[in-house]
1. At R0 = 25 Å, how high is the FRET efficiency between B:Leu88 and B:Ile206 if r is their beta carbon distance? Nearest 0.05 is fine.
2. Sort A:Phe72, B:Phe75 by Cβ crowding within 10 Å, fewest neighbours at the top.
3. Counting other Cβ atoms within 10 Å, keep those with at most 16, restrict to DSSP loop, and tell me which chymotrypsin sites (Phe, Trp or Tyr not before Pro) in the stretch B:171-225 are left.
4. As I understand it, the dipole of the protein assembly as shown uses +1 on the Cβ of Lys and Arg and -1 on the Cβ of Asp and Glu, about the Cα centre. Which of A:Trp87, A:Gly246, A:Ala161 lies farthest toward its positive end?
5. How tilted is helix A:155-188 with respect to the longest principal axis of chain A? Cα atoms for both, answer in degrees (0 to 90, nearest 10).
6. Among B:Asp77, B:Asp186, B:Asp15, which one moves the most in a GNM of chain B with springs linking Cα atoms closer than 10 Å?
7. Enumerate by residue number the trypsin sites (Lys or Arg not before Pro) in the stretch A:41-118 meeting two conditions: DSSP loop (anything except H, G, I, E, B), and at most 13 other Cβ atoms within 10 Å of the site's Cβ.
8. For B:Leu155, B:Leu211, what ranking results if the residue with the fewest other Cβ atoms within 10 Å of its Cβ goes first?
Amino acid sequence: MAEQRVQWFKFASPPNFYDLAGRLAPWFGGLAAILFVVGLYVGFVLAPPDYQQGNSYRIMFIHVPTAWMSMFLYVLMAVYAAIGLIWRVKTAEVMAKAIAPTGALFTFLALWTGALWGKPTWGTYWVWDARLTSELILLFLYLGYMALHAAIEDRQRAANASAILALAGVVNVPIIYFSVVWWNTLHQGASITVTSAPTMETVMFSALMLMTFACWMYAIAVVLWRARLELLERERRAAWVLERMGEKA
Amino acid sequence: MNGLATALFTLLRRDLILALRRRQDALVVLGFFVVVVSLFPLGVGPDPQLLRSMAPGVLWVSALLATMLSLERLFSDDFRDGSLEQILLAPQPLSLMVMSKILAHWLITGLPLVLISPLLGMQLNLDGTEILTLMAALLLGTPILSLVGAIGAALTLGLRGGGVLISLLILPLYVPALVLGAGAVDAVMYGSSAQAHLSLMAALLILTLLLAPWAIAAALRIMSD
């Protein structure tokens, strides 16, 4: 038991994390590429057209995974931020910062694909639906986090300050979500429900799952890569960085 | 214990005296609120029915913006003249000292917004009970705006362009207060009770009172060390 713990903490030290991430990231990246190709093939070629929406529903295979990822990643970012803030784990701080751009990208993609999906199904690119609105606010939260990180020059201080912002955000996200849902039902009456989708065929479901895993793998690969670069910049005077850079030069 | 109360009261009194000596700071916020609300009819047209249905949202959004305007100076003056450092070094818990400052901030900027809102509500054709609901909602909501805003003010302490940054950080977090506050007036307007909105707003205030001071204290320590 004790030995296992030591194993885990080993990878919290920047040089070990750097090496491990460097070894793992290409594998996750490769896996993401394969899953994307297979998932898109199953979703766009094998899956039959929907009896109501025709072919336009296929954007779901991109829209739904990105929307899931946008929310998971915010929580994950807040968890890493909390670990960094409480236990002063440098790699956790770096991970939190590395997750933010990927999370913002997924949020943006979810909004964009949602708008494209909305046009053929609802007849408009944008409705003030509760889900769309809270996703938009989530994008603002990501942007605020990144802006604060960028505005503070001292890296340690930037990490700590934006960690507090991430935690304040994560406490607020459920409150925002429920208030927006309530606001929506109050103002619009019965609105379009995205939840009451007809039961899905197995092919569609497997395409959705494949794409979700592809997004996860992509996110892990990109975040690890970004975290490695961030670590190099933060620790550029440390012996382990010089040692590794010296090897390559 | 007695020392704590004295410290909190002294800090509150000091902030209020400073605000009284520099009245323009508070008056500018109030003036901004009035001007922004008065611009809306010019933008959307003088139709009384339209103005009436827009009034809750217009008043609340203007209140949010006016509060944003006042946040930048919440800690920055104390940071510049060194008194923030004294507060940080004081033996009293920082989260409570911060509450004193926020109470002062609310008395100076939040309360005047509540007090002038009936006048603006009448301008936008709200009737008696709607105005009362608006005041109640603002009374519960403006402390939330001060508390949450103080987190942003503390996080942008000493940064260049901090004022603009605060709005990006804090406005998304203001969404629940905006929805509940404007919703309360809407509910009365459409003939139902505002009790649910006001109860939830009070719950939100209690939650914010509980959590925000910790975040503000932590942010102040990070940004001023």
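Where a number appears in this text, it was derived from the coordinates with a stated rule and is not lab data. The structure presented is a predicted model; accordingly, all values stated were derived computationally and were not measured. Here the Cβ is made from the backbone with ideal geometry for all residues, glycine too, and neighbour counts use every protein chain on show.
1. Values: r = 27 Å, r/R0 = 1.07.
It comes out at approximately 0.40.
2. Working: A:Phe72 16, B:Phe75 26.
If I rank by nearby Cβ atoms, fewest first, I get A:Phe72, B:Phe75.
3. On the way: sites: B:Tyr174, B:Tyr190, B:Trp214; in loops: B:Tyr190.
For chymotrypsin sites (Phe, Trp or Tyr not before Pro) across the stretch B:171-225 that sit outside H, G, I, E and B with at most 16 neighbouring Cβ atoms in 10 Å, the list reads B:Tyr190.
4. A:Gly246
5. Taking Cα atoms only, the helix is inclined about 10 degrees.
6. Between B:Asp77, B:Asp186, B:Asp15, it is B:Asp77 that shows the largest mean-square fluctuation.
7. Here the trypsin sites (Lys or Arg not before Pro) that fit, given the DSSP loop and packing criteria, are A:Arg88.
8. On the way: B:Leu155 30, B:Leu211 17.
Least crowded to most crowded, the residues run B:Leu211, B:Leu155.
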